[in-house]
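Presented below is the structure to which this report refers.
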Amino acid sequence: MELTVPVKDGELWAEDTGGDGLPLVLLHPGITDSRIWDPVMSRLTARHRVIRYDSRGFGRSPVATAPFSLVEDLTAVLDHLELSRAALVGSSMGGATALNLAVEAPGRVAALGLLCPGVTGYEELASPEVMAEIARLAQAGDKDGLLALVLRTWAAAGVDGDAEAVELVRPALPAWFSNYPYQVPDAPVFDRLGEVTAPSVLALGELDQPEVIRCNEDMAARLPGCRLVRLPDCDHLPTLRDPERCAELVQEVCEAAG
């Protein structure tokens, strides 16, 4: 079922499959919208109620018009659906949001499935050269240049033009521009990862950027009891590259949550 979720000064598009089992909330990365979960949806809905949504400006959600926080929007989604507790599965930006909630409101997070996750408070998550090039291309309004940069930087496992990744990444780029004036950074939590109480599994892509791989290794070392899994043929888009293994890992951490 598709629905509209009210959030502070805005609204979000969401989908709720209904069903029994531990609710799963899927949080997409900052280089795609929630369609990144399409390859794993059927595998997850067989055993869980699955909720996914587009962050502001991504996919089917309207652009931001006022300051907002990603973790506050996640909390609003949980409140709207009356979910006092859920498993959170986050990819990249979505992983960072999931971790912020796990630190700020541990009772609401039953389990954490982290796929190539980001984390607030980690200073070296991207190379200075890549960030400088993003800034240059953004200032020039060069969306084609940004697309090419994203594909060669975070989608290195693609072949033959990587049409699937292009279809996912290109529509997400306008959100980089529309969110820039309004997105309020969530609190830094890298130094607080030891406070996380939810069972967790963290999957990194061996073809991801070296900075992301190093960050993911550091995160897994700090998260209590976290299992680190290396996906040898994956870049920053693991659900696109190896959906079956990603679904298995999500199910594993949900079982650990009971």
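What the table below lists for this structure:
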quantity	calculated
Accessible area per residue in Å² at 1.4 Å probe, computed on the stretch 20-87	36
Residues Ala105 and Glu2, FRET efficiency given R0 of 25 Å [Cβ-Cβ distance, rounded to 0.05]	0.40
Cα-projected label distance for Leu149 with Glu82, points at 7 Å along beta-carbon direction, nm	4.6
Nearest-10 value in Å² for the accessible area of Arg85, using the 1.4 Å probe	110
Isotropically averaged projected area of the stretch 118-233, using the convex hull of Cα atoms (one quarter of hull area), nm²	8.2
Heavy atoms of Asp233: accessible area, 1.4 Å probe, square angstrom to 10	110
Accessible carbon and sulfur surface of the chain relative to its total accessible area, %, 1.4 Å	51
Heavy-atom accessible area per residue - the stretch 125-192, 1.4 Å, Å²	57
At 0.890 mPa s and 25 °C, Stokes diffusion of the stretch 99-165 via Kirkwood alpha-carbon radius, µm² per second	166
Among Ala111, Gly141, Val184 the positive-end extreme of the charge dipole of the stretch 100-258 (Cβ point charges)	Val184
Rg to Rh, two decimals, where the chain supplies the alpha carbon set and Rh follows Kirkwood	0.93
The stretch 1-143 - Kirkwood radius from inverse mean 1/r over Cα pairs (Å)	15.9
Gyration tensor (alpha-carbon) shape descriptor, the stretch 1-54, a/c threshold 1.5	oblate
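The values are calculated or read from the model by the stated rules, or taken from the named source; none is laboratory data. In this text the structure is predicted, and so the values were computed from the model without any measurement. Please note: Cβ atoms are built from the backbone with ideal geometry, for glycine as well, and neighbour counts cover all protein chains shown. Areas reflect the complete protein model, heavy atoms only, side chains present, ligands, DNA and RNA absent. Shrake-Rupley method; radii C 1.70, N 1.55, O 1.52, S 1.80 Å.
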